[in-house]
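S.K.: Right, I'll just put the structure down here and ask away after.
Rule-based calculations on the coordinates, nothing more; no lab input. A quick note: this is a predicted structure, and the numbers were derived from the prediction, not measured. When we count neighbours, we look across all protein chains shown, and the Cβ atoms used for this are built from the backbone with ideal geometry, even at glycine.
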Amino acid sequence: MAVELTVNGRKRSVDTDPAKPLLWVLREDLDMVGTKFGCGAGLCGACTVHVDGAPARACQTAIGEVAGSAITTIEGAAASPAGQRIAAAWVAQDVPQCGYCQAGQIMSALALLNQTPKPTDADIDAAMAGNLCRCSTYVRIRSAIKAAAG
Ligand code: FES
């Protein structure tokens, strides 16, 4: 079945099983491998993308559910001013250690700043609670979000 959607501002059509997770459509059908597979069970946040502006777990989102939606992935994150500020803050504060979870971290941070430009610590904790980091970069992530918020 052909599923139409917009990914990072570009209209795409994917001929696939509508039950296939968005994560694997991005990685396998669209060759966009920035979105990572961590747990595959909605528990780690590594696969976070935006669906119509809201953060979503791509491993838990069937492609058929998001037909007609606008998807933003890490490859498109820097298209917005907030995304550029986040990218600059992540580099300046040397946030990643192994880096595997960071695409998901950045997409959750970007969704937060898009909705709440000046987040409190509690806002940051609530928005980022679902994104796990085995290297425990949480302190630098919070600092980078604050820097990006200005
Ligand atoms: Fe989707 Fe872990 S891979 S939440």
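S.K.: Let me confirm the definition first: pairs of Lys residues in the chain, 8 or more apart or on different chains, C-alpha distance under 27 Å. How many are there?
M.R.: 5
S.K.: Now for a separate question. How many nm is it between the label spots at ASP31 and ALA62, if each spot is 7 Å from the Cα in line with the beta carbon?
M.R.: So the label points at ASP31 and ALA62 sit 2.9 nm apart.
S.K.: For region 1-95, calculate the relative contact order in percent as a whole number, restricting contacts to Cα pairs under 8 Å that are 6 or more residues apart. Intermediate results must be reported in sequence, preceding the final value.
M.R.: Working: 157 pairs, mean separation 28.6, N = 95.
Relative contact order for region 1-95 comes out at 30 percent.
S.K.: Could you tell me which helices of the chain pass both thresholds, a Cα extent of 18 Å or more along their own axis and a mean Kyte-Doolittle hydropathy of at least -1.0, with helices taken as whole DSSP H runs? Intermediate results must be reported in sequence, preceding the final value.
M.R.: Working: long enough: 102-115 (20 Å, 0.57).
For the chain, where a helix must reach 18 Å along its axis and average at least -1.0, the hits are 102-115.
S.K.: Sequence-distant or interchain residues sharing an amide H contact under 5 Å with ALA62, placed H: which?
M.R.: LEU22
S.K.: Next question. Based on DSSP H runs of at least 4 residues, each adding -39500 (n - 2.57), what is the mean residue ellipticity at 222 nm of the chain after dividing by all its residues, to the nearest 500 deg cm²/dmol? Write out the running numbers ahead of the final one.
M.R.: Details: 4 runs with 46 residues, N = 150.
Computed mean residue ellipticity for the chain: -9500 deg cm²/dmol.
S.K.: Further, regarding this structure: Could you compute the net charge surrounding VAL7? Neighbours are other residues with a C-beta less than 14 Å from the C-beta of VAL7; K and R count +1, D and E count -1. Mind showing how you got there, number by number?
M.R.: Details: positive: ARG10, LYS11, ARG12, ARG27; negative: GLU4, GLU28, ASP29, ASP31, ASP52, GLU75.
Neighbourhood net charge equals -2.
S.K.: Moving on to the next point. Can you pull the one-decimal nm distance between simple spin-label points at ALA88 and ASN114, each 7 Å off the Cα toward Cβ?
M.R.: Result: 2.0 nm between the two label points.
S.K.: Would you mind counting up the charge near CYS101? Only other residues with Cβ under 9 Å from its Cβ, with Lys and Arg at +1 and Asp and Glu at -1. Mind showing how you got there, number by number?
M.R.: Numbers: positive: LYS36, ARG134; negative: none.
Counting the neighbours of CYS101, the net charge comes to +2.
S.K.: Another question, if that's okay. What is the extension gain from ALA19 to ALA78, computed as 0.36 nm multiplied by their sequence separation minus the C-alpha to C-alpha distance, in nm to one decimal? Please report the intermediate quantities before stating the final value.
M.R.: Numbers: separation 59, 0.36 × 59 = 21.24 nm, distance 2.93 nm.
So the chain would gain 18.3 nm between ALA19 and ALA78.
S.K.: Residues with beta-carbon under 11 Å from that of LEU113, excluding LEU113: net charge, scoring Lys, Arg +1 and Asp, Glu -1?
M.R.: Details: positive: ARG85, LYS118, LYS146; negative: ASP123.
It works out to a net charge of +2.
S.K.: Let me ask another. Amide H neighbours of ARG12 under 5 Å, counting only residues 5+ apart in sequence or on other chains, H built in-plane at 1.01 Å?
M.R.: Under 5 Å from the amide H of ARG12 lie the amide H atoms of LEU5, THR6, VAL7, each far enough along the sequence or on another chain.
S.K.: So what J values fall out for region 53-58 if you push phi through Karplus, 6.51 cos²θ - 1.76 cosθ + 1.60 with θ = phi - 60°, rounded to Hz, Gly and Pro as x?
M.R.: Result, ordered by residue: x, 9, x, 8, 8, 5 Hz.
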